[in-house]
Amino acid sequence: MTKYKIILIVLLTTLVAPAAAQTSDADAAYRAANSLVLDQRWSEARDAMRQFARTYSRHDRADDASFYACYAQDQLDSASSAVFECYSDFVEAHGRSNYADDAKANMIRVARALSSAGQPEYMTRIRDLQQENDEDVALAALYALQNLGDDRALDTILAVYDRSTSDKVRSRIVYMLGDFDSDAVMPKLQEIALGNASVSVRKSAVYALGNHDSHNEAVTALKAIVASDAETEIRKTAVRALGNVDAPDMVPVLAELAAGSGDIELGKAAVYAMGNSDGAAAVEALKTIVSGDGAVEVRKAALYALGNSDHGGLVPFLAEIATSSTNAELAKTAAYAIGNHDSSAGSEALMSVVQNGKSVEVRKAALYALGNRDGARAVEMLREVAMSSDDNELQKAAVYAIGNADGESASRALRQIYGASESVEVRKAILYAIGNSEGRGARDFLMDVATTSAESELAKAAVYALGNHVDDDTSVLIEVLRKATNAEVRRAALYAIGNSDTSQATAALDSILKDERDPELRRAAVFALGNTGEDRAVSILVRVVQEDASTRVRTAAVQALGNIGTEAAQEALLKILEGGDD
């Protein structure tokens, strides 16, 4: 009884009474229920806390009330299945509550009592909770053991690993083993890595090997793991760990794995590990892999690693691969790798690839790499290709690459190419690229093409490109509507207005619906209004349904109301239906 009273006192002291100044119904209800708990009137307290939890389920004291409803029931009948289920429901509903741990502990206590009374199934249900508690105790003990020294702690820790089934405990032990200098550690870590533990625990063992101070033993163990029949993920982890070993002889080990593993994923992992070292030996090894006859994917990985290297003198090597390799994938990868070397030599090398690459795809890759470089020189190189090449694909690639460059020089170059090109496809590509350019010059140029071009495909492309220059001002698209004579171009402008996120769009479309004689353009304006998604468009569309002379336009207006989908639009549709033909 004394123990019971002590526990009760501790729990009761955690109940914090709300301040007397709180006057809300919820606070008053909680204070009343809380008083019943403090007075140990358990039956009334249980009912009051349950009622509070149901009535004020969103209140910040709802989880408190739910827990104390269970606790009060516990005091009335501590070894009942109803108490167990109450705590179980609480944990499921309030797993992050401050009372969750108390509820779990009480579940374990009640389950033990029920099991002793002939209901062992409750112990099965709380096995995971029991394990969580055991894990916490075990982890606390492990932290304490770290301070006792190798001789006293290692045997115990190894025994705990063999006995434990918890990944949390086992992972902690693996990390701890990396700090011991005993001869028993390396074999144990290798055993764990190649054993039947979970993948996460085994990977932790591999990394612990790589971080160990005994480099020679670590390398031997990691190489054995790579050569084993373990899952690829474990072996790749071993390769990455080899790359992290701080020893001068790692490059030959990784190079051998990259060239001779026979497993593409392992080979790539070895290449990336070498790339992280970025020393002269690693660079030479990567170049050897690229020039060899190994798997293409591994050789491409080596090219990417060289592209990310800060080592000087790599551009000529990469350019040679890009221009002479008979494998298009390798040549393209080499071109992109050159693009990562931001130097004048890199730009000149890319231009050489554009001129001398063995395939259009490789030359296009070099153009895109040029487009990612800053500076007027890169833009000028791309302009020369677009102006002089007789290959439409290369011209378009050069245009898109220029479009990726910022600044007025890029926009000016695109306008020059447009004037010189005779290909509609290339000129459309130029218009879209100009649409991504900033500045009044780009906007005016697109406006001119949209309103004066005799080629409707080009005029429409200019309109769509202008959509990128609208921002919060649709006046330029409205100007196209006024000046353009081609119906398709005007329709494109209407759709662009409808897709713009501006307050001017609705008014502009309303004006078109009032004044435009062409029913197809009015229909396009209706669909554009539907795309605005604004309630301001509802009254306009209702007017169209009531007044427009074209059945197709009126039907489109009904569909547009459905597209808007707001409460106002739905109400308008209901009124249209209720009104019939009137």
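The values are calculated or read from the model by the stated rules, or taken from the named source; none is laboratory data. Remember, predicted model here, so these are calculated numbers, not experimental data. Cβ sites come from the backbone with ideal geometry, for glycine too, and all protein chains shown count toward neighbours.
Looking across the range 551-576 at every residue that is polar (S, T, N, Q) and farther than 20 Å from ALA493 by Cβ, the one that is nearest to the chain's Cα centre (by Cα) is identified as THR566.
Considering SER511, SER453, SER437, the condition of being over 32 Å from the mean Cα position of the chain (by Cα), under 20 Å from GLY403 (Cβ atoms) and among the hydroxyl-bearing types (Ser, Thr, Tyr) is satisfied by SER453 alone. Within the range 162-196, the set of residues being under 17 Å from LYS236 (Cα atoms) and among the small types (Gly, Ala, Ser) comprises ALA193, GLY195. The residue of the range 199-226 that is farthest from the chain's Cα centre (by Cα), among those that are assigned to a loop (DSSP other than H, G, I, E, B) and surrounded by 13 or more Cβ atoms within 10 Å (Cβ to Cβ), is SER214. Does LYS483 count as buried (at least 21 other Cβ atoms within 10 Å of the Cβ), farther than 30 Å from SER359 by Cα and not hydrophobic (A, V, I, L, M, F, W, C)? So LYS483 fails the test.
Residue-by-condition table, conditions (1) assigned by TED's automatic domain parsing to the domain that holds LEU114; (2) of a type in the set (Lys, Arg); (3) part of a helix (DSSP H, G or I); (4) closer than 15 Å to ASN34 by Cα:
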position	(1), (2), (3), (4)
ALA45	yes, no, yes, yes
GLN51	yes, no, yes, yes
ARG58	yes, yes, no, no
ASP63	yes, no, yes, yes
TYR68	yes, no, yes, yes
ALA79	yes, no, no, no
ALA82	yes, no, yes, no
TYR87	yes, no, yes, no
GLY95	yes, no, no, no
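Could you go through the range 489-499 and let me know if any residue there is surrounded by fewer than 22 Cβ atoms within 10 Å (Cβ to Cβ), within 38 Å of the chain's Cα centre (by Cα) and in contact (Cβ under 8 Å) with a residue 12 or more places away in the chain. Checking the range 489-499: at least one residue is surrounded by fewer than 22 Cβ atoms within 10 Å (Cβ to Cβ), within 38 Å of the chain's Cα centre (by Cα) and in contact (Cβ under 8 Å) with a residue 12 or more places away in the chain.
Let's see how each residue does on (1) assigned to a helix (DSSP H, G or I); (2) surrounded by fewer than 16 Cβ atoms within 10 Å (Cβ to Cβ); (3) hydrophobic (A, V, I, L, M, F, W, C):
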{"residue": "HIS341", "(1), (2), (3)": "no, no, no"}
{"residue": "VAL362", "(1), (2), (3)": "yes, no, yes"}
{"residue": "GLN416", "(1), (2), (3)": "yes, yes, no"}
{"residue": "ALA433", "(1), (2), (3)": "yes, no, yes"}
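Please verify whether LEU139 is part of a helix (DSSP H, G or I) and modelled with pLDDT under 80, treating the condition exactly as stated. Yes, satisfied.
Scan the range 280-311 for residues that are surrounded by fewer than 17 Cβ atoms within 10 Å (Cβ to Cβ) and in contact with an Asp or Glu (Cβ under 7 Å, 6 or more places away or on another chain) and the total you get is 3.
Taking the criterion of being surrounded by 17 or more Cβ atoms within 10 Å (Cβ to Cβ) and under 13 Å from SER198 (Cα atoms), the residues of the range 167-182 that qualify are VAL169, ARG170, SER171, VAL174. Being free of Cβ contacts under 8 Å to residues at least 24 places away in the same chain, surrounded by fewer than 20 Cβ atoms within 10 Å (Cβ to Cβ) and not small (Gly, Ala, Ser) is a property that GLU320 has.
In the range 500-546, the qualifying residues are those that are among the basic types (Lys, Arg) and surrounded by 21 or more Cβ atoms within 10 Å (Cβ to Cβ), and the one that is farthest from VAL476 (Cα to Cα) is ARG523. Taken as a whole, the condition of being in contact (Cβ under 8 Å) with a residue 24 or more places away in the chain, under 34 Å from the mean Cα position of the chain (by Cα) and at negative phi does not apply to ALA345. Within the range 402-443, the residues that satisfy the criterion of being among the acidic types (Asp, Glu) and at pLDDT 85 or above are GLU422, GLU425. Within this structure, GLY441 passes the test of being more than 22 Å from ALA322 (Cβ to Cβ), small (Gly, Ala, Ser) and part of a helix (DSSP H, G or I). Selection of the range 258-270 for residues being assigned to a helix (DSSP H, G or I) and either more than 17 Å from TYR304 (Cβ to Cβ) or at pLDDT below 85 (or both) yields ALA259, GLY260.
Residue by residue, here is whether (1) surrounded by 15 or more Cβ atoms within 10 Å (Cβ to Cβ); (2) at pLDDT 95 or above; (3) over 30 Å from GLY118 (Cα atoms); (4) in contact with a helix residue (DSSP H, G or I) (Cβ under 8 Å, 6 or more places away or on another chain) holds:
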site: ALA26; (1), (2), (3), (4): yes, no, yes, yes
site: MET49; (1), (2), (3), (4): yes, yes, yes, yes
site: ARG61; (1), (2), (3), (4): yes, no, yes, yes
site: ALA69; (1), (2), (3), (4): yes, yes, no, yes
site: PHE84; (1), (2), (3), (4): yes, no, no, yes
site: SER88; (1), (2), (3), (4): yes, no, no, yes
